Amino acid sequence: VILSDQQRSAFQRDGLLLLPGFYDVEKEILPILRHAHQIIQLCLRANQLEKLCSDFSIENFDSGLNVLLQKNRALGGVVYDAVKQIPAFMRLLSSEKHEQVMQSLRGTDLCGVVDRGYGIRIDHPGEMDFLSGWHQDYHGHLRSLDGINFWSPLRKVFLELGPVEFCPQSHTNGVFAQVCPPENKHAKNTTQYCTGLRIVDEAKVIAKYDKVKPLLDLGDAVVIDFLTVHRSTQNLSEQSRWSMQLRWFNFRDELGVKHHWPKSYAHGKSFADIHPELLTDPQN
Ligand SMILES: O=C(O)CCC(=O)C(=O)O
């Protein structure tokens, strides 16, 4: 992958970069969709819903998932956990093209894949509980300040499907100070304390920036700086929104080296362990 000077400066300026057709749909995306389809077929059969089993198609690769959800919302969790283990997804996660983009954008020869910093989101129509509020990925994943999230759809993203919303140039502010939710004030450990952190004066901070909600095709990727503020938007369509998040970091980042590439929530650690100076208790 060779990025142009223009792409590199757009990324430095905006803290995000759209790479249309970054993945080969046939070779890199379709195997993931086919495998996800098979997993859903297995779940349908295991739940006496074999009548709903169907052949694979790109548009309807998750056919039957809505019925599983209606039968028992927990089955959505089963599919969610299962698809992260698809070999074609794991191969893509660590593929050389991400390393090349990291090297080109971060000017480093030594990158890493964020352990447990990857996944496949499935955002179902109308559900609000699992949407991510305004945040920087750094808080949730740490490792190094100049990490990158490769976000890519597994279903074409149109407006009603709920595109991710970004604040371009918000990365230039550095790490935003955070406030914990009132209910965490007396949490037993820092991981609990940091669950659901919000940017201090969120509304004022967010109002300062333009917003963009890129619509994406299969194979496109948005390269997101770990410090760029973004959030989920609600899925108002009738289909589930499927997307991949693949996070990488730079081993040579000074803060990362100093703190031994700290881990975060997924490993019982948190932002509070590394940046206590950027955390405040809620006032009420
Ligand atoms: O996909 C989304 O709705 C939000 C994704 C996100 O916040 C992230 O990948 O960090």
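The values are calculated or read from the model by the stated rules, or taken from the named source; none is laboratory data. Not measured: the values here are computed from a predicted model. Counting neighbours? That spans all protein chains shown, and the Cβs are built from the backbone with ideal geometry, glycine included. The area values use the complete protein model at the heavy-atom level, side chains included, leaving out ligands, DNA and RNA. Shrake-Rupley method; radii C 1.70, N 1.55, O 1.52, S 1.80 Å.
Structure data summary
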quantity	calculated
On Cα atoms only, tilt of 96-106 relative to the major axis of the chain in degrees	20
Model label zone, Asp201; criterion: amide N under 17 Å from point 7 Å along Cα-to-beta-carbon; scope region 152-182	170-180
On Cα atoms only, tilt of 5-14 relative to the major axis of the chain in degrees	70
³J(HN,Hα), Karplus 6.51/-1.76/1.60, whole Hz, each residue of region 246-260, x for Gly, Pro	10, 10, 10, 9, 9, 4, 8, 4, 4, 5, x, 4, 4, 9, 6
In nm, spacing of pseudo-spin labels at Val25 and Ser95 (7 Å Cα→C-beta vector)	1.4
Kirkwood-type radius of the chain, with distances r between different C-alpha atoms, in Å	19.8
Rounded to 10°, Cα long-axis angle of helix 73-83 versus longest principal axis of the chain	80
Label point distance in nm, Lys84-Arg34, each placed 7 Å from Cα along Cα→Cβ	2.5
Residue-level accessible surface for Ser232, protein heavy atoms, 1.4 Å, Å²	10
Projected label distance in nm at Glu277 and Glu59, using a 7 Å step from Cα toward the beta-carbon	5.6
Largest-first principal axis extents, alpha carbons of region 185-284, Å	40, 39, 28
Largest to smallest accessible area among Asp24, Asp225 [probe 1.4 Å]	Asp24, Asp225
